[in-house]
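Report on the following structure.
None of the figures in this text is laboratory data; all of them are computed from the coordinates on show. No experiment lies behind these values; they were computed from the predicted model shown. All Cβ positions, glycine included, derive from the backbone under ideal geometry; neighbour counts span all protein chains shown.
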Amino acid sequence: MKDLKVTKEELIEKAKKPAQDAMKMHPYYKGKIEIVPKCVIRDINDFAIWYTPGVAEPCMEIYRNPEKVYEYTNKANMVGIVSDGTRVLGLGDIGPMAGLPVMEGKALLFKYLGGVDAFPICLDTKDPDEIIRTVKIISPVFGGINLEDIENPKCFYILERLRAESPIPVWHDDQQGTAAVTLAGLINALKIVKKKIEDAKITMIGIGAANVCIVRMLIKAGADPKKIIVVDSKGILNRKRDDIKPANKEKLEFCRMTNGENRDGGTEEAMKGQDVVIALSKPGPDVIQKSWISAMADNAIVFVCANPIPEMWPWDAKEAGARIVATGRSDFPNQVNNSVGFPAIFRGTLDVMARTITDEMCIAAAYELARCAEDKGIHEDYLLPTMDEWEIFPREAVAVAKMAMKQGVARLKIDEKELFKMAETKIKRARDEVGLLMDKGIIAPYKE
């Protein structure tokens with residue numbers, strides 16, 4: 001027991017290190033992204049091609065045929081990361097400026113993992129209609145919009161409106177991205193414990209943007225809504241609840257369609273006898289108790305994914321009897337990380353110029369992501385590929401693009417082999433570019 005205590009202390013110290021390093025390296029580099037040219041500049045005369053007078057001809061060609069903008073500019077590979085800073089990680093409403101480091105980090109991941117050029121757009125407004133209007137009027141620049149860290153419930157309203165009204169694909173990564181990667185992890189976890197998704201009894205702790213979409217996607221992937229129990233801050237959602245406002249239509253819908261046994265109580269009662277717990281609630285580590293894990297079914301699957309600290313430490317969940325534990329952190333096994341989802345999902349979306357990103361496209365990504373891990377050999381500490389397995393991203397992108405074409409939301413029809421080659425080339429180029437800049441010292445090595 002003494003050795004176990006030492007191990008826990010070491011793990012806790014390890015968990016603190018990323019934050020400590022971040023406080024040194026962010027001011028050292030003064031941010032994480034910049035804009036660099038992608039065209040040749042052989043000498044100063046080339047500016048006559050790229051700018052005036054030569055640029056007038058591409059401008060007029062786009063004026064005559066607006067679809068040419070995808071061919072003559074970077075629009076086809078450009079994503080805007082839009083946030084109002086009201087729900088940043090597990091930090092809450094810290095505002096647009098304090099959220100900027102997260103959005104810069106998102107742009108970095110888009111580029112390095114998906115070959116997608118992305119730019120942070122942090123808005124100094126909390127008005128959902130103003131956010132919608134802003135996204136619509138900046139859409140000529142972008143091939144897609146990634147909504148990020150916008151509070152519940154307005155995030156649902158914003159996404160619903162923009163998906164209906166925007167000419168380019170708009171998604172909310174905290175909804176569809178988290179749901180896709182969570183589904184991928186659960187697919188493989190259920191394989192390990194030899195249970196089927198349609199039979200699994202699942203408890204969802206927290207009813208923010210992520211869990212709302214996870215429930216929706218789980219049901220589309222085959223989960224039985226009557227076997228799903230959802231818990232908010234006041235307890236289990238059931239048909240007795242009369243405290244939910246009409247504006248919160250997602251909660252009201254779950255009160256009607258989930259929890260077939262009409263179970264009542266709080267988180268402890270919601271976890272009894274369940275096969276799976278998926279928590280995206282509030283940072284821990286003592287939000288979920290060990291005794292609650294012990295009361296779950298045999299071979300329990302526990303996803304504790306709050307950031308920056310999970311609802312409970314994974315070693316505590318294991319001690320309590322959980323067979324498989326996942327978190328949102330890269331320094332623990334089984335990271336449920338959007339970063340293995342959104343870069344490839346947007347890569348596939350952009351490559352076929354899809355008009356939207358459907359749940360079915362995300363489910364296709366989830367199953368391909370699960371297959372990528374299965375090809376390497378899944379086990380209790382390896383449910384999902386990690387970010388350094390770069391070969392997964394082209395595969396995932398192709399799965400998304402194929403579903404977009406199947407559903408009729410893609411502007412382009414492209415052969416599967418060509419899609420893979422396109423995605424692989426763009427992603428490899430982005431990684432090679434960073435490597436070259438580091439080798440040449442243009443990106444300077446970090447020094448204490």
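Tabulated values for the structure
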read-out: Relative packing of 114-121, 306-313, which averages over residues the other C-beta atoms within 10 Å, highest first; value: 114-121, 306-313
read-out: Using θ = phi - 60° and Karplus 6.51 cos²θ - 1.76 cosθ + 1.60, couplings along the range 218-232 (whole Hz; Gly, Pro as x); value: 4, 5, 5, 8, x, 5, 8, x, 5, 9, 9, 10, 10, 10, 9
read-out: The range 376-403 and the range 244-270: distance between their alpha carbon centers, rounded to Å; value: 33
read-out: Debye, to nearest 20: dipole size of the chain, +1 on Lys, Arg Cβ, -1 on Asp, Glu Cβ; value: 580
read-out: Overall form of the range 176-327 per C-alpha gyration tensor (a/c, 1.5; a/b vs b/c); value: rounded
read-out: Lys/Arg +1, Asp/Glu -1 at C-beta; the range 27-173 dipole; positive extreme among 125, 63, 107; value: 107
read-out: Among 276, 255, 186 - extreme Cα towards positive end, dipole of the chain, charges at beta-carbon; value: 255
read-out: The chain: most fluctuating residue of 46, 359, 388 per GNM, C-alpha cutoff 10 Å; value: 46
read-out: Relative packing of peptides 143-150, 263-270 - highest average C-beta neighbours within 10 Å first; value: 143-150, 263-270
read-out: ³J(HN,Hα), Karplus 6.51/-1.76/1.60, whole Hz, each residue of the range 132-142, x for Gly, Pro; value: 4, 4, 4, 4, 5, 7, 9, 4, x, 7, 10
read-out: Among 19, 423, 364: highest mean-square fluctuation, GNM of the chain, C-alpha pairs under 10 Å; value: 19
read-out: HN-Hα J in Hz across the range 202-214 - Karplus 6.51, -1.76, 1.60, θ = phi - 60°, x for Gly and Pro; value: 10, 10, 10, 9, x, 9, x, 4, 5, 5, 4, 6, 4
read-out: Cα shape, the range 27-173, gyration tensor, a/c 1.5 rule; value: oblate
read-out: Net charge dipole size for the range 176-327 [Lys, Arg +1 and Asp, Glu -1 on Cβ; Debye, nearest 20]; value: 420
read-out: Amide H within-cut-off set for residue 354, under 5 Å, with H built and near neighbours excluded; value: 411
read-out: Residue with peak Gaussian network fluctuation, the chain [Cα springs, cutoff 10 Å], from 403, 361, 60; value: 60
read-out: Linear extension gain, residue 289 paired with residue 9, 0.36 nm per residue minus alpha-carbon span; value: 98.9 nm
read-out: Amide H contacts under 5 Å for residue 311, placed H, 5+ residues apart; value: 284, 305, 306
read-out: Relative contact order [Cα under 8 Å, 6+ residues apart], the range 33-176, whole percent; value: 23
read-out: Shape category assigned to the range 309-448 from the gyration tensor of Cα positions, a/c cut at 1.5; value: oblate
read-out: On Cα atoms only, tilt of 2-29 relative to the major axis of the chain in degrees; value: 20
read-out: Long pairs among 126/245; 30/111; 191/428; 194/220; 106/251; 24/111, criterion Cα-Cα beyond 25 Å; value: 191/428; 106/251
read-out: Euclidean distance between Cα centres, the range 189-242 to the range 16-87, Å; value: 40
read-out: Helical mean residue ellipticity (222 nm; -39500 (n - 2.57) per DSSP H run of 4+; nearest 500) of the chain; value: -14500 deg cm²/dmol
read-out: C-alpha center-to-center spacing [the range 283-320, the range 422-448] in angstrom; value: 38
read-out: Longest to shortest principal axis, alpha-carbon extents of the chain, angstrom; value: 73, 51, 43
